[in-house]
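Taking it in order: structure first as structure tokens, then the write-up.
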Amino acid sequence: MSDLVTGDAVVLGLRPARLPSRALAICLDLAVYVTGYVLVTVGLTLATASLDPAARAAVAVASVLLVLVGVPIAVETLSHGRSLGKLACGLRVVRDDGGPIRFRHALVRGALGVVELLLTFGTVAVVASLVSARGRRLGDVFAGTLVVRERVPGAPVMPVPPPPPWLAGRFGGLDLSAVPDGLWLAIRQYLTRMNQLDPQVGAAMAARLADDLVTCTGAPPPAGVPAAAFLMAVVHERQSRDAARAFGAAGTPPVAGAGPVFGPAPTVGGPVPAPDTAPAPAVGPVPYAAPAPYAAPAPAAPVEGPRAGGFAPPA
């Protein structure tokens with residue numbers, strides 16, 4: 001993990017939400033969930049009036065777990081961290097590196113939220129948020145998430161620049177599971193601010209981040225690829241995988257530079273005779289010769305390089 005600080009002393013590009021806005025969002029969510037729980041309880045009470053007390057108790061416990069625990073987890077998973085209260089307050093739950101959350105993050109936050117918010121009436125969550133530097137409760141700490149502000153006037157989120165076209169799809173088989181979230185966050189911060197840095201300082205930071213990324217992935221660095229372009233391509237690959245998991249996109253990205261090769265048009269008839277030569281009598285119709293099917297060129301073998309390092313900043 002790289003502890004990098006940019007020239008303007010910015011360490012965290014995300015804007016954590018403060019306790020008042022988070023408390024308001026939680027109160028709005030709880031009001032909606034409690035209202036739904038009351039309606040469900042009334043309906044179940046009328047529907048289970050003929051059952052024995054043990055069955056009614058089991059149905060009551062199941063309704064509590066479904067409405068007050070299962071519904072918040074499902075809402076955060078399907079909305080990618082934006083419940084009704086957070087949407088009204090302009091908040092969103094994201095990963096530590098700024099990416100969208102998935103089911104496991106919502107499950108940990110919802111399970112610990114029962115203790116933090118319901119059983120202790122929010123006391124544990126308030127104390128944990130006041131102690132944390134970024135206002136995170138225990139559910140956020142164990143899930144690796146962060147509640148951030150989305151609606152910030154005058155401060156748009158800068159997108160990560162796209163990689164060069166000749167690097168698109170080149171790192172499809174790279175294993176990114178061992179890269180920590182802190183390194184992803186540092187890479188995103190560098191790529192969004194690389195044009196604001198001094199060229200030599202930016203090149204040194206890119207080389208350091210690329211070396212850390214190569215160490216985590218265990219793959220040798222590609223020969224002749226600049227460090228900044230390598231970082232752009234790897235981040236683009238991770239964003240493509242996250243989008244495929246979140247939206248169910250199928251298919252593999254095309255290989256850059258690959259495309260059909262068009263040859264000369266096939267001839268249907270025989271050769272064209274010269275003007276002063278009489279044409280030969282036609283024996284029969286000449287069959288059409290179909291062109292040979294296109295064969296994609298074989299991919300070039302990867303160039304072996306040193307396993308650690310490989311990106312040197314300019315002198």
Count of residues meeting criterion [farther than 17 Å from residue 107 by Cβ and open to solvent by less than 20 Å² (accessible area, probe 1.4 Å)] in segment 71-95: 4
All helices (runs of 4 or more DSSP H) inside segment 105-213 with 3 or more residues being of a type outside the set (Ser, Thr, Tyr) and under 17 Å from residue 26 (Cβ atoms): 123-131, 138-143
Residue in segment 215-228 that is most open to solvent (accessible area, probe 1.4 Å), counting only those that are farther than 12 Å from residue 171 by Cα and assigned to a helix (DSSP H, G or I): 215
Qualifying residue in segment 54-70 (condition: open to solvent by 30 Å² or more (accessible area, probe 1.4 Å) and not in a helix (DSSP H, G or I)): no
Residue in segment 118-136 that is within 24 Å of residue 242 (Cβ to Cβ), touching a helix residue (DSSP H, G or I) at 6+ places or on another chain (Cβ under 9 Å) and either hydroxyl-bearing (Ser, Thr, Tyr) or surrounded by 15 or more Cβ atoms within 10 Å (Cβ to Cβ) (or both) present: yes
Meets criteria (surrounded by 16 or more Cβ atoms within 10 Å (Cβ to Cβ) and hydroxyl-bearing (Ser, Thr, Tyr)) for residue 50: no
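The values are calculated or read from the model by the stated rules, or taken from the named source; none is laboratory data. Everything quoted here is computed from the prediction, not taken from an experiment. Backbone-built Cβ (ideal geometry, glycine too); neighbour counts: all protein chains shown. For the accessible areas, the whole protein counts, side chains as well, though only heavy atoms, and no ligand, DNA or RNA atoms are used. Shrake-Rupley method; radii C 1.70, N 1.55, O 1.52, S 1.80 Å.
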